[in-house]
1. List, please: which pairs have Cβ atoms under 9 Å, are six or more places apart or on different chains, and start with a residue in segment 26-39 that is closer than 10 Å to Asp70 by Cβ and end with one that is modelled with pLDDT under 70 and assigned to a loop (DSSP other than H, G, I, E, B)?
2. Tell me, which residue of segment 5-26 that is open to solvent by less than 80 Å² (accessible area, probe 1.4 Å) and modelled with pLDDT under 75 is nearest to Phe72 (Cα to Cα)?
3. Just to be sure I understand, how many residues within segment 53-73 are open to solvent by less than 80 Å² (accessible area, probe 1.4 Å), under 20 Å from Gly9 (Cα atoms) and either touching a His at 6+ places or on another chain (Cβ under 7 Å) or part of a loop (DSSP other than H, G, I, E, B) (or both)?
4. Kindly establish whether Arg45 is open to solvent by 100 Å² or more (accessible area, probe 1.4 Å), under 17 Å from Glu12 (Cβ atoms) and either among the basic types (Lys, Arg) or at pLDDT 90 or above (or both).
5. Any chance you could count how many residues in segment 74-98 are within 20 Å of Leu13 (Cβ to Cβ) and either over 15 Å from the mean Cα position of the chain (by Cα) or acidic (Asp, Glu) (or both)?
6. Looking only at segment 33-42, how many residues end up being part of a loop (DSSP other than H, G, I, E, B) and at pLDDT 70 or above?
7. Within segment 74-87, count every residue that is part of a helix (DSSP H, G or I) and either on the phi > 0 side of the Ramachandran plot or loosely packed, with under 10 Cβ neighbours inside 10 Å (or both).
Amino acid sequence: QKLGNAFAGYTELRPEFKPTYKLDVATGQYEQMGEKCRVPAWCDRILFRDSDRSRIDPLTYSRHELVGSDHFPISGAFQIQVDRKLVDQFQAVHADIV
């Protein structure tokens with residue numbers, strides 16, 4: 001991504017949380033044994049694209065401590081500015097459908 005070969009034009013926030021992968025499903029601890037013992041990593045990411053760099057304001061980027069998968073889930077919250085014209089168009093289409 002840094003070289004521009006993948007996901008060009010997309011932005012990713014710097015993770016300020018511990019790695020999200022590879023966990024032991026039963027314990028939620030990083031996998032330290034087994035045939036595929038892997039180094040903990042940030043495999044789960046949120047990428048976003050803002051064409052004029054002023055409409056999307058990231059608010060949070062978090063990891064959640066839920067057990068039951070070999071990944072911890074992540075989430076992000078964003079404030080997005082939308083043109084009023086687009087909102088009006090969406091509402092008109094929605095009214096036609098509903």
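The values are calculated or read from the model by the stated rules, or taken from the named source; none is laboratory data. Owing to the predicted nature of the structure, the values given are computational and were not obtained by experimental measurement. Cβ atoms come from the backbone with ideal geometry, glycine included; neighbour counts cover every protein chain shown. Heavy atoms of the whole protein, side chains included, go into the accessibility calculation; ligands, DNA and RNA do not. Shrake-Rupley method; radii C 1.70, N 1.55, O 1.52, S 1.80 Å.
1. If the second residue must be modelled with pLDDT under 70 and assigned to a loop (DSSP other than H, G, I, E, B), the pairs left are Glu31/Cys37.
2. Taking the candidates together, the pick is Leu23.
3. Residues flagged as open to solvent by less than 80 Å² (accessible area, probe 1.4 Å), under 20 Å from Gly9 (Cα atoms) and either touching a His at 6+ places or on another chain (Cβ under 7 Å) or part of a loop (DSSP other than H, G, I, E, B) (or both) within segment 53-73 amount to 2.
4. The answer is yes for Arg45.
5. 2
6. Initially, segment 33-42 is screened for residues part of a loop (DSSP other than H, G, I, E, B), giving 33-40, 42.
Subsequent filtering for residues that are at pLDDT 70 or above retains 38-40, 42.
The total comes to 4.
7. 3
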